[in-house]
Every structure is written in structure tokens, then in C-alpha cells.
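A short write-up of the structure that comes next.
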Amino acid sequence: MKKFKVLHIFADARGGINSVVENFTLSDSKTLEHIPLLMKKDFAIFDRMKYYIIFLRRYYQQFQSADLIHLHGGWLLHLLPLLKKSKKPLLISPHGAFHKMSMQKSTFKKKLVLGLYMKRVYQNADCFHALTKYEAQDIKKMSFGKQPIAVIPNGIDMSDTSISENKVKDLKNIANGRRVYLSLSRIEHAKGIENIIDAFAKLIQINKNIVLFIAGYGEVEYINFMKQKIKDLDLEKSIYLLGKLTGVDKNSAYEVADVFINGSYHEGFGLTILEAFRQMTPVIATTGTTFSELGDIKAGWYVPPSFEGVFDAMKKASELSDNELEKMADNGNRWIKENFSMETVIKRYEALYYWLYDGGDKPSFVFI
């Protein structure tokens, strides 16, 4: 039986979108074949133009054999090949691109690009995909048309829990018996890392037996700002910037952590929250994320993205025993197994792909 081919076009080889596409390609589907096509963007202007020509040729080669096109992200020239309506179904996943905070970045440039070509591309979509009901509302506000919107969360491979014993040992040596708080994200202001540092600085005056690990990558200028802030607070022996962590090293950081903190002002989804629960780590998340269930399922804290909100949750976590934290982590682990496992999510995507291709009964998670 010929496999149904889905061409995934994306342009972030490092962030959450890359993880999403990677999960597709690693899924063991007997009926679907997922073809990743990365649109690189880190080039000088003339090299970039040359690359676009090469990319377009690769795109058309892959396009010929694909049954459906799935675009991930927005505002990038990887959408240019679809200025005109194709005969193949087109699904677009903005991944938070239309949230008000995202729209406030480079506002003039986005309005210009939207008017020049992006709006036509979006109007050509057969369907949009939103990670949450909140993102579905953001898409509707853009008024691209009356296309259906499928709400499917990101999924996570529950079996991918491998760790590096050496990395765990190194991190434990740094922690030296102290309770570990972990922040893992892109290093930028929108992730609320300054609130986390300030909250930690206040908490350590009450409880000396804590340490903060900050993992991730970002602009050099902002990372240097973080380093200076930590130095000014005289916390260089209590707060450690670990740099970018991937694969088993990232799992190892979750493994060592007693509490994971996502301090974002806005998060399209927050895959790191699922990763933390998979590795049996309780979570502090802000209302900038979509996981309002955390308090209800007793798996962590759901607080405002502010210094006060983060500090209050960190302080409460510091007052709990190891057994109490482990119970919260177990609650979170069971919750994501039931709702966000790749098996569950992939089945929804398969239903969506086949519905867009063949028609039939509309899936229950698709709204018009």
C-alpha cells in the first residue's frame, strides 16, 4: 500500500518547531510518510538569495510526490512557493505567530509582508492548525477567511527518557546537595528569565540550600546581560548558565532538577513543560502558557508571569518535601500520558490529513 506523503516545511532548526517536525519524522506510522524540508535563514543577503533558488528547486521536487503540504510557522519566505493556490491540500500551523505579543515584534515589517504576499498565502490555506483554543481565537482575529481550524496540541514521545550519566553527575556536583530549580528555554526577555532570577535572589536570602540552572541559547548581547545581572547580585555560585542542551543532556537537566520553571510572558504551547513531566519533574508555569490544569491536577503551580507570581511558587516549592514534589511529578506524568502522548496526537493529525485529502466526516477537533 502506497504511503500518504506529508511535506513539512519549516525554518527553525533549533527551537520548538524543529522538535515538532522531528516528532513527526520519528513517528512509526504504517500509512503516513513525513518529509521534512528545512528553510534555512542564517545567511548573508546574497548567499540567502542563492539559497532560495536552490530551496525552490528542492521544494518543487518534493512537492511533486507529496499528497499534502503542512507549513510550520509564519513570516518567512518558505511560504513564497504557495502564493498561488495549489491543487494539493495546504495546512498551516502558525505556532503562536499571531499572538498579540508576537505581532508586536517587528510590527512594521510584518504589516508590510502581510500586505505584499502573506495574506494571500494564508487565504490559500485549506485549514489552519492551532495548538490551543486560545491560538484558534488569534487566528480568527486575523480575518484570513472562513477556513476550518483544527485544535491539536503538541505531542511528546513518552519513551524518550534517556539520560547521560556523566551529565547527571556533573550537574549534581555543581548542585552539591542543594535543591535544583531549572529554567530551560530560549534566552530572551519574553521568557521571563529576569523574573526567575530576581525571585531566586529573594528566595536564597530565606533558604540558602537552593541552586538555579538556566539552560538555553539566545542573542549574545542578552546572555551577557544575564551574566552581568547574576554577577551584580553576587550569585555566581548559585546561578549557573548551562548553555544550549539537547537530547540526553537536556533530559539529564530535567532529571537532576527538583522543580522546573517556565516563566514566559507568552508561550505558543510550552513543550518544555511536557518534557519536564516526562522526566518526572514538577512544574511552575505562568499564565503566559496554556496549562491552566496544573493546579487542578496537583502537578505544579500556575501563576502570573511576574516577579511576585514566580517567587510565591518557588517559595512554596522550597517548603515541600522530596516525597511531596515526587507525587506532584507523578500526577503530571500521568496527565501528559493521557493527553499529549505522540500516539494520541499523531492519530488526530492522521484523521485531519485524510479529511483534508478525501473529505468525509469532519473530525470533532475541527471547528468552522
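Laid out as a table, the results:
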{"quantity": "Subset of 40/229; 172/327; 5/191; 146/362 violating a 26 Å alpha-carbon distance limit", "calculated": "40/229; 5/191"}
{"quantity": "The range 205-258: relative contact order in percent, alpha carbon pairs under 8 Å with at least 6 residues between", "calculated": "48 percent"}
{"quantity": "Dipole moment magnitude, nearest 20 debye, the range 133-182 about Cα centre, only Lys, Arg, Asp, Glu C-beta charged", "calculated": "280 debye"}
{"quantity": "The range 165-339 pair-distance distribution - Cα-Cα, 10 Å bins, rounded %", "calculated": "10, 42, 39, 8, 0"}
{"quantity": "Per-pair calculated FRET efficiency, R0 = 41 Å: residue 225 and residue 320 via Cβ, rounded to 0.05", "calculated": "0.80"}
{"quantity": "Hydrodynamic radius by Kirkwood, which averages 1/r over all alpha carbon pairs of the chain, in angstrom", "calculated": "21.8 Å"}
{"quantity": "Potential lengthening between residue 54 and residue 292 on full extension [0.36 nm per residue; Cα-Cα distance subtracted]", "calculated": "81.3 nm"}
{"quantity": "Relative exposure of 142, 342, judged by other C-beta atoms within 10 Å (fewest first)", "calculated": "142, 342"}
{"quantity": "Potential extension, residue 312-residue 159 segment - 0.36 nm per residue separation minus Cα distance", "calculated": "51.8 nm"}
{"quantity": "3J(HN,Hα) from dihedral phi, the range 199-211, Karplus parametrisation 6.51/-1.76/1.60, rounded to Hz, x for glycine, proline", "calculated": "5, 4, 4, 6, 5, 5, 6, 8, 9, 6, 8, 9, 9"}
{"quantity": "Length gained when the stretch residue 361-residue 111 is fully extended (0.36 nm per residue, less Cα-Cα span)", "calculated": "86.3 nm"}
{"quantity": "Percent RCO, i.e. relative contact order, over the range 165-339, from Cα pairs under 8 Å lying at least 6 residues apart", "calculated": "24 percent"}
{"quantity": "From phi via Karplus (6.51, -1.76, 1.60), per-residue ³J(HN,Hα) for the range 311-319 in Hz, x at Gly/Pro", "calculated": "4, 4, 5, 4, 5, 4, 5, 5, 8"}
{"quantity": "Relative contact order (%) - criterion: Cα under 8 Å, at least six apart; region: the chain", "calculated": "16 percent"}
{"quantity": "Protection proxy ranking, peptides 288-294, 28-34, average beta carbon neighbours within 10 Å, highest first", "calculated": "288-294, 28-34"}
{"quantity": "Helix-derived mean residue ellipticity, 222 nm - over the chain, DSSP H n ≥ 4, -39500 (n - 2.57), to 500", "calculated": "-13000 deg cm²/dmol"}
{"quantity": "Sorted peptide list for 219-232, 242-255, criterion being average Cβ within 10 angstrom, highest first", "calculated": "242-255, 219-232"}
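Values in this text are rule-based calculations from the coordinates and carry no lab data. A quick note: this is a predicted structure, and the numbers were derived from the prediction, not measured. Reconstructed Cβ throughout: ideal geometry from the backbone, glycine too, with neighbour counts over all protein chains shown.
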